[in-house]
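Chemist: Have a look at this one.
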Amino acid sequence: MAEVRPNAGDIVAHLPGVPAAVRDAADEIATRARSALAQHRDSGDAGIEVARGATDSHVSLVDEAALSIEYGHVTPDGTPVRGLRVLRDAAGL
């Protein structure tokens, strides 16, 4: 019977070249997200940031209205506004 090691993810994360590949992928996602965000910006300080750890990287949409920008919202008069989905689309999801 097959056995899955509980630390398999940690083993793979530390293989040679994996952290660099993860950083490169995060940079590509951030570049695509910045481009998409720039096409829609009217005002505000929304931006895309990349945080890096030893083996991982996180791409974030940073703004006090980040959730509304990404996922959409409803205006006070009840009009739905579709989110830009810049992170989702940049990540190819």
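The values are calculated or read from the model by the stated rules, or taken from the named source; none is laboratory data. Just so we're clear, the structure is a prediction, and the values are computed from it rather than from any experiment. In this analysis, Cβ positions are derived from the backbone assuming ideal geometry, glycine residues included, and neighbour counts consider all displayed protein chains. In case anyone asks, the SASA skips ligands and DNA or RNA and just uses the protein heavy atoms, side chains included. Shrake-Rupley method; radii C 1.70, N 1.55, O 1.52, S 1.80 Å.
Chemist: For the chain, with all protein chains present and a 1.4 Å probe, just round the carbon and sulfur fraction of the accessible area to a whole percent. Please report the intermediate quantities before stating the final value.
Modeler: Values: 3710 of 6760 Å².
Accessible surface attributable to carbon and sulfur in the chain totals 55 percent.
Chemist: Which number comes out as Rg/Rh for region 1-73 once both Rg and the Kirkwood Rh are worked out on C-alpha atoms? Don't skip to the answer; put the middle values down first.
Modeler: Numbers: Rg = 16.7 Å, Rh = 14.5 Å.
Ratio value, two decimals: 1.15.
Chemist: Using mean Cβ contacts within 10 Å as the protection proxy, how do 12-19, 1-8 order, highest first?
Modeler: Values: 12-19: 11.1, 1-8: 6.1.
Taking the mean over residues of other Cβ atoms within 10 Å, the ranking is 12-19, 1-8.
Chemist: Under 10 Å, Cα contacts only: if you run a Gaussian network model on the chain, which one of Val50, Val74, Val22 comes out with the highest mean-square fluctuation?
Modeler: Among Val50, Val74, Val22, the largest GNM mean-square fluctuation belongs to Val74.
Chemist: Tell me the per residue accessible area of the chain using a 1.4 Å probe; a whole number in Å² is fine.
Modeler: On the way: 6760 Å² over 93 residues.
Solvent-accessible surface per residue comes out at 73 Å².
Chemist: I've got another one for you. Which angle between 0 and 90 degrees, to the nearest 10, do you get for helix 18-38 versus the longest principal axis of the chain when only C-alpha atoms count?
Modeler: With rounding to tens, the tilt is 10 degrees.
Chemist: What does the charge dipole of the chain about its Cα centre add up to, to the nearest 20 debye, if the Cβ of each Lys and Arg holds +1 and the Cβ of each Asp and Glu holds -1? Walk me through the numbers on the way to the answer.
Modeler: Values: 9 positive and 14 negative charges, 45 e Å.
Dipole magnitude for the chain comes out near 220 debye.
Chemist: Same structure again: If each Cα of region 31-93 is one equal point scatterer, what is log10 of I(q)/I(0) from the Debye formula at q = 0.28 Å⁻¹?
Modeler: The calculated log intensity ratios at q = 0.28 Å⁻¹ are -1.29.
Chemist: Work from the charge dipole of region 15-93 (Cβ charges, +1 for Lys and Arg, -1 for Asp and Glu, about the Cα centre) and give the residue of Ser68, Ala25, Gln39 farthest towards its positive end.
Modeler: My answer, from the dipole projection, is Ala25.
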